[in-house]
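The values are calculated or read from the model by the stated rules, or taken from the named source; none is laboratory data. Remember, predicted model here, so these are calculated numbers, not experimental data. Cβ atoms come from the backbone with ideal geometry, glycine included; neighbour counts cover every protein chain shown.
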């Protein structure tokens with residue numbers, strides 16, 4: 001019998017009881033370890049890592065290169081009308097979507113005068129307006145359908161050239177297939193598209209004038225490590241502007257070739273391409289006929305610390321009519337940026353040259369054909385064509401504000417040979433200058449300012465004064481001035 005105040009005797013532990021005890025002890029140990037870790041974290045003064053939301057895509061020069069699938073991420077900052085920038089077409093695949101976009105460029109130009117006033121002394125004040133709208137359909141990140149319309153007007157401009165106005169037409173419409181292949185990436189693009197190489201000295205989108213250059217083309221490229229291989233064939237599109245959607249291409253004008261690119265340093269690359277340019281009924285001051293040019297081009301560009309450079313050389317051979325073709329060109333840009341000085345000034349130097357026809361009667365044409373130049377490689381004023389010229393241009397570029405860039409330059413120009421003419425953009429001969437004595441053609445001063453107002457609005461101002469030499473003055477030309485004030489908007 002149990003005595004008063006006697007504690008009851010605990011029963012002998014069973015196997016189940018022992019197991020429960022062990023589990024409880026293990027849980028207590030884990031809880032103690034967690035508390036120790038929490039205490040250690042609380043005593044750590046280092047801030048918690050901040051996870052930045054993914055960035056929105058930037059508005060690119062080629063709108064078809066933008067990838068708006070990032071808007072499928074709810075953490076990406078949103079803007080008005082994003083429901084049109086990213087229209088999802090699949091609940092399972094964010095890479096299947098439709099995106100709409102638009103560009104607007106307005107530029108007021110004052111020019112006295114085109115062609116240095118030879119043939120006319122009228123000052124031209126006008127506005128060039130370019131509106132582009134596009135639709136980009138992506139399917140599973142592999143198939144792309146891209147279409148872009150253009151509406152380009154030259155308001156108050158008395159004389160319209162093919163690059164000035166195209167009131168409504170199809171600028172681009174192509175399909176692209178992207179497919180992984182043997183450790184690389186294969187891209188095939190078919191349709192109306194825009195092509196530009198490097199600084200676009202010779203093969204460009206022609207963004208400087210009002211109407212961009214399009215090509216009805218087949219394009220194939222393969223990227224593998226540091227290598228990229230490209231082959232293409234095209235009929236460049238020609239603007240008519242007689243009625244809507246009347247731009248055309250034809251076998252009478254064609255351009256195609258093969259290109260190899262390789263990265264040779266961390267931030268430098270070498271490109272080599274061979275191509276053929278064919279044009280029926282081509283006209284030069286010394287000969288007219290069907291033009292066939294075989295082209296070899298070498299390009300080397302990159303940066304190293306504060307230095308940057310871009311060097312390109314092109315050789316052309318072939319035939320036009322009964323004449324052989326033997327022509328060449330060279331272009332170079334280089335600079336040094338002082339990153340430790342306020343405004344990060346960059347001292348730049350540009351040296352260019354292109355051959356001219358040495359003798360109009362020797363059955364050989366030496367006049368270089370600039371092909372499809374961009375229109376702003378030298379200046380927007382158009383006073384210089386990349387034909388029969390030698391060009392030297394030192395420049396200074398500064399950044400007073402993070403979004404403001406100012407550039408000032410002085411350029412001097414000569415003819416490569418006095419037997420050929422002085423040329424303006426792109427390859428228009430100034431009447432009466434061929435064979436006239438005097439190699440020096442003039443000196444110009446250039447100022448340009450670029451300001452990024454927002455991620456969607458950009459402003460630019462360019463001013464050029466060209467002081468002509470006697471060779472231009474003797475055929476009726478005079479000093480010329482150009483002002484271009486531009487606003488660009490992209491959505």
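Results, tabulated for the structure shown:
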quantity	calculated
The range 449-479: number of residues that are assigned to a helix (DSSP H, G or I) and touching a strand residue (DSSP E or B) at 6+ places or on another chain (Cβ under 7 Å)	2
Hits in the range 95-111 (condition: crowded, with 18+ Cβ neighbours inside 10 Å and either more than 25 Å from the chain's Cα centre (by Cα) or over 18 Å from residue 208 (Cα atoms) (or both))	96, 97, 99, 101, 111
Criterion: touching a strand residue (DSSP E or B) at 6+ places or on another chain (Cβ under 7 Å) and in a strand (DSSP E or B) - qualifying residue of 136, 198, 164, 241	136
Complete set of residues in the range 283-325 that are surrounded by 14 or more Cβ atoms within 10 Å (Cβ to Cβ), at pLDDT below 95 and closer than 20 Å to residue 202 by Cβ	284
Filtered residues of the range 131-151 (kept if surrounded by fewer than 17 Cβ atoms within 10 Å (Cβ to Cβ), within 16 Å of residue 62 (Cα to Cα) and in contact with a helix residue (DSSP H, G or I) (Cβ under 9 Å, 6 or more places away or on another chain))	none
Test: residue in the range 208-228 that is loosely packed, with under 15 Cβ neighbours inside 10 Å, outside any loop (DSSP other than H, G, I, E, B) and either under 19 Å from the mean Cα position of the chain (by Cα) or at negative phi (or both)	yes
Residues located in the range 418-446, provided they are surrounded by fewer than 17 Cβ atoms within 10 Å (Cβ to Cβ) and assigned to a loop (DSSP other than H, G, I, E, B)	431, 435, 437, 438, 439
Residue within the range 360-367 that is touching a strand residue (DSSP E or B) at 6+ places or on another chain (Cβ under 6 Å), at pLDDT 95 or above, within 21 Å of residue 299 (Cβ to Cβ) and part of a strand (DSSP E or B) present	no
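Yes or no, residue by residue, for (1) farther than 27 Å from residue 205 by Cα; (2) surrounded by 22 or more Cβ atoms within 10 Å (Cβ to Cβ):
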site	(1), (2)
349	no, no
355	no, yes
361	yes, no
366	no, yes
369	no, yes
380	no, yes
390	no, no
